[in-house]
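I have placed the structure first, in the form of structure tokens, so that the comments after it can refer back to it.
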Amino acid sequence: MAKSPMRPLLWAMAAARRRLCTPSAASSPSSSSAEAPTSEVGERKESKPLYRRLSALGRAPAGSVTKTLNKWLREGRTVRATQLMKYVKELRKYNRYSHALELMEWMADTRGMNMSYTNHAIRLDLISKVKGTESAEEYFSQLPEPAKNERTYGSLLNCYCSGKIADKAMSLYNEMKDRNIGSNTLVHNNLMSLYLKLGQPENAITQFQEMKSKNIVPDNLTCCILMNCYASLNDIVSVETVIKEMEEGGEVTLQWSAYSTLAAIYSSAGMAMKAESALKQLEGLMDKRDRMPFHFLISLYAGIGKLGEVKRIWMSLKEVYSKPTNMSYLTMLQALSKLDDIHGLKLLYEEWESVYTAYDLRLTNLMIGTYLRKDMIREAESLWRKASERGVIPDFRTCDLFLDYSLKNKDTGLALMWLEAATSMVKQDEWKLNEDKVDAFLKAFEEAKDVEGLEEFCKSLRRLKCLDLNAYEALLRTYLAAGKKDPGLRQRIKDDKIKISLETKKLLKRVCATN
């Protein structure tokens, strides 16, 4: 195998794999939430508020929310349905759908709390995101008839539109019209969004015209969708007409997101000055109690190359929030990486390291990715070693970054180490090695006549359930190039249920020959 310039990482990889197989891995820094400390253990009475405990669960598995809630009650504390629903909405906001759904299931199924129509709609949406559309349909079908109203129908429609299931979406929309619950802004926004996702902006515009004909008042989201429709048609003039009419019409209260959409469209079209003007309008509308517009401003200013503005918005964010969240740091690091401000990137990462409450591997991965993109191997190696010393376990993104870099530099030995790290973490079908990486591995081993390396790679492919004829033919060619034979290969191919071609038969005849 090729000699690796990054061999000092190998001990860290071995240590990481060992930790993956031990109970302590569950409480490692990398398993915690991006926004909160690691979860508590034990039955002692905790001083942390309930939401902080839920937030701290991070990527903890199913059942963790239930355990946290039950522990809270065992401490003699109480919970109210209205309070819990606020937590559900917060968890949804940060894409913590599984935990939000488990919280709702605990409320309804374990504690017997009554679900309002709105709560049913929220639960249906969460079921769709966590368990899939069929489960959402089943939940909807079992609702009592009074609960099958505008909100729950609308939630199911949103499931179909989000999943781009056009036939079911239109069928449900027609049913809603028959029930006289299909004439509201949200329904039409969903349908417009569906058409846009399907690459049919003209149909989305037609849907908007239907909306207008029924005197249904558009909203801020309608404006954003409509602008994106015209942008996809490269019609910037119509994009500008949409927002101008919305501004002057008086019916729609435009929010900061309308101008972030406009700025993104201008940026994509290479119209930096107009994008900057839109961002200034965004700044005038933003609510500083919300971090989201700060994040959009940082990203969008980076998109038009305005490093000074990026830094100005970051300082404004820190004036409002003395302790930025991991997401805020991540957004700023992404911007500095995009702008190639490596010095600023290092300083900000070091600042985050000194203040974080919960370790967030996404930030480390971003730094590693930036270093490797700039061929700063030593820096990437050093950063990962330090993270590993803190007990951080690599995720699939970490493995992909080093794997890609190793393959690019034909270091198949190190690439195999990172592949093994990834396959050791795989559960069911949550990660696959894409075809380009497979081909790069096969080509590198074949060119190096490295039979042993390719045999190890085939073992990994077997574990990933993607060992195929292409890999076996490369292995056979490598055996031939290296002047080696293996009479057992024919049986191995048969055991793996690989259907062979005429070319394979020819290769097998030569590799499996005993003389």
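The values are calculated or read from the model by the stated rules, or taken from the named source; none is laboratory data. Given the structure is predicted, the values throughout are model-derived calculations rather than measurements. Here the Cβ is made from the backbone with ideal geometry for all residues, glycine too, and neighbour counts use every protein chain on show. When the accessible area is computed, the model is the full protein with side chains, heavy atoms only, and any ligands, DNA or RNA have been set aside. Shrake-Rupley method; radii C 1.70, N 1.55, O 1.52, S 1.80 Å.
Worth a mention:
- Against the test of being open to solvent by 10 Å² or more (accessible area, probe 1.4 Å) and in contact with a Gly (Cβ under 9 Å, 6 or more places away or on another chain), the options Arg390, Arg378, Arg385, Arg397 yield a single qualifying residue, Arg397.
- The condition of being within 30 Å of the chain's Cα centre (by Cα), of a type in the set (Val, Ile, Thr) and within 23 Å of Leu254 (Cα to Cα) holds for only one of Thr206, Thr222, that being Thr222.
Quick grid of which residues meet (1) surrounded by 14 or more Cβ atoms within 10 Å (Cβ to Cβ); (2) modelled with pLDDT under 70; (3) out of contact with any Ser or Thr (no Cβ under 7 Å at 6 or more places or on another chain); (4) not in a helix (DSSP H, G or I):
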{"site": "Glu35", "(1), (2), (3), (4)": "yes, yes, no, yes"}
{"site": "Val41", "(1), (2), (3), (4)": "no, yes, yes, yes"}
{"site": "Ser47", "(1), (2), (3), (4)": "no, yes, yes, yes"}
{"site": "Tyr51", "(1), (2), (3), (4)": "yes, no, yes, no"}
{"site": "Leu57", "(1), (2), (3), (4)": "yes, no, no, yes"}
{"site": "Pro61", "(1), (2), (3), (4)": "no, no, yes, yes"}
{"site": "Asn70", "(1), (2), (3), (4)": "no, no, yes, no"}
{"site": "Leu73", "(1), (2), (3), (4)": "no, no, yes, no"}
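- Residues in region 504-515 that are open to solvent by less than 80 Å² (accessible area, probe 1.4 Å) and either among the hydroxyl-bearing types (Ser, Thr, Tyr) or touching a strand residue (DSSP E or B) at 6+ places or on another chain (Cβ under 6 Å) (or both): Thr504 only.
- Of all residues in region 304-320 being basic (Lys, Arg) and assigned to a helix (DSSP H, G or I), the one that is nearest to Leu336 (Cα to Cα): Lys311
- Output for region 175-194, where each listed residue is aliphatic (A, V, I, L, M) and open to solvent by 80 Å² or more (accessible area, probe 1.4 Å): Leu186
- For Ser406, the conditions (1) closer than 27 Å to Ile498 by Cα; (2) assigned to a helix (DSSP H, G or I) are fulfilled apart from (1).
- Exactly one residue among Asp439, Asp411 is farther than 24 Å from Lys346 by Cβ, open to solvent by less than 10 Å² (accessible area, probe 1.4 Å) and acidic (Asp, Glu), and that residue is Asp411.
- Yes/no for Leu91 being outside any helix (DSSP H, G or I) and in contact with a His (Cβ under 9 Å, 6 or more places away or on another chain): no
- Condition met for Lys311 (more than 18 Å from Leu383 (Cα to Cα) and among the basic types (Lys, Arg)): yes
- When restricted to residues that are crowded, with 17+ Cβ neighbours inside 10 Å and either basic (Lys, Arg) or assigned to a helix (DSSP H, G or I) (or both), region 148-174 contains 18.
- Candidate set from region 352-372 (those that are of a type in the set (A, V, I, L, M) and not in a loop (DSSP other than H, G, I, E, B)); member that is most open to solvent (accessible area, probe 1.4 Å): Val355
- Residue count for region 386-412, restricted to those that are among the basic types (Lys, Arg) and under 15 Å from Phe441 (Cα atoms): 2
- Residue check for Asp341: farther than 15 Å from Ser382 by Cα, in contact (Cβ under 8 Å) with a residue 24 or more places away in the chain, open to solvent by less than 20 Å² (accessible area, probe 1.4 Å) and out of contact with any Gly (no Cβ under 8 Å at 6 or more places or on another chain): no
- Test: residue in region 482-503 that is in contact (Cβ under 8 Å) with a residue 24 or more places away in the chain, assigned to a helix (DSSP H, G or I) and open to solvent by less than 10 Å² (accessible area, probe 1.4 Å): no
- Hits in region 416-472 - residues which are more than 28 Å from Glu503 (Cα to Cα) and not in a helix (DSSP H, G or I): Val426, Lys427, Gln428, Asp429, Glu430, Trp431
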